[in-house]
Amino acid sequence: MQDSFGRKIDYMRISVTDRCNLRCKYCMPEYGVKSLEHSDILRFEEISKIALACTNLGVNKFKITGGEPLVRKGVLPFIKSLHKTGQIQSITMTTNAVLVEQYREEILDCGLDSINISLDTLSAGKYEKITGKNELAKVLNAIEFCEKSDICTKVNCVVIKGFNDDEICNIAQLAKDKNIYVRFIEMMPLGMGQQSQWVSNQQILSVLENRFKTIQIDDKIYGNGPAKYYKIQGFKGRIGVISAVSGCFCDSCNRVRLTADGFLKLCLQYDVRTDLKTPIRNGATGQELEEIIKKAVYKKPQKHSFSKDIIKNKEGKNMSQIGG
């Protein structure tokens, strides 16, 4: 499946819920947001129909997101069942990891190819300040568990000026004795993220180079996304950077997103989406669904415009609502 710019679209992020057990300040307001009604959220069997249509069109990589996916009952059995859908190359999940300990056995059983764990600080005080919860120990234990269980483990850190930019090297050292990938992500100016000041990955790399000296680029590709990876002498793991703002990688974008309420979203920045829930609930056949998806993907925007102040059709929802 290709869009009008000839990009091959083979990767879908599936949001299974808009709910979350944390209140990260750059993701949603402290007072929260109005949750979707349960009837508005896609049922797992409906997501499976969309996934099947997408695999028939060439999508073979899926990432399960939220909100926080583990707060939705039945998500891990659903992931296990999703492996039976078409020619799937990989299924991964992004989580804040607070509930990983509770679902250890199911996580090991569901067949995840990789798990991305969000962690922005190693300070218990800062963690509670930004998430609203005192759960740092659970997240660190989850990283330990996943790495020891041979699940490909990636730690995602959003760097915020004045909050955690003084922890870059300490967070990087999570990869020193563990075979994990620590990735630093530029804050995207979406939703509540517009209230924080982002730090460029050039600045991040400069900090790492000053500290570790031996950092060098790793040309090997790890995973489905746009991260660039680096090796540091003496480190078991790798360091990655995702230049979501400063290093526009839109020319190679291979992804679309399915929101929890059943809309196909083509680009994070724009409030442009296609309703898939209504056709499914009106009895659309698999072939009809494929045609809707194919026509929508063809209109995928060429690139984001994060550097512009005025943007037409700008996304106004928070990250928890769109499955970023």
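A few points about this structure:
- Links that overshoot a 23 Å alpha carbon limit, given the list 49/73; 34/73; 126/148: 126/148
- From least to most packed, judged by other beta carbons within 10 angstrom and beginning with the fewest, 127, 298, 270 follow the order 298, 270, 127.
- When the alpha carbon gyration tensor of the range 234-294 is reduced to an equivalent ellipsoid, its three semi-axes come out at 34, 14, 11 angstrom, largest first.
- Taking 0.36 nm per residue of separation and subtracting the Cα-Cα distance, full extension of the segment from residue 37 to residue 303 would add 92.5 nm.
- Taking label positions 7 Å along the Cα-Cβ direction at both residue 45 and residue 105, the computed distance is 2.7 nm, reported to one decimal.
- Order of 187, 1 - criterion: other Cβ atoms within 10 Å of each residue's Cβ, fewest first: 1, 187
- Approximate spin-label separation residue 217-residue 179, in nm, with each point projected 7 Å along Cα-to-Cβ: 2.7
- When you work out D = kT/(6 pi eta Rh) for the chain at 10 °C and 1.306 mPa s, using the Kirkwood radius from C-alpha pairs as Rh and the Stokes-Einstein form, the result is 79 µm²/s.
- Span-like helix check, the chain: qualifying full DSSP H segments, with Cα axial length of 15 Å or more and mean Kyte-Doolittle of 0.5 or more, are 136-148.
- DSSP bridge orientation in the chain - percent antiparallel, rounded to nearest 5: 30
Rule-based calculations on the coordinates, nothing more; no lab input. Given the structure is predicted, the values throughout are model-derived calculations rather than measurements. Neighbour counts run over all protein chains shown; Cβ positions are idealised from the backbone, glycine included.
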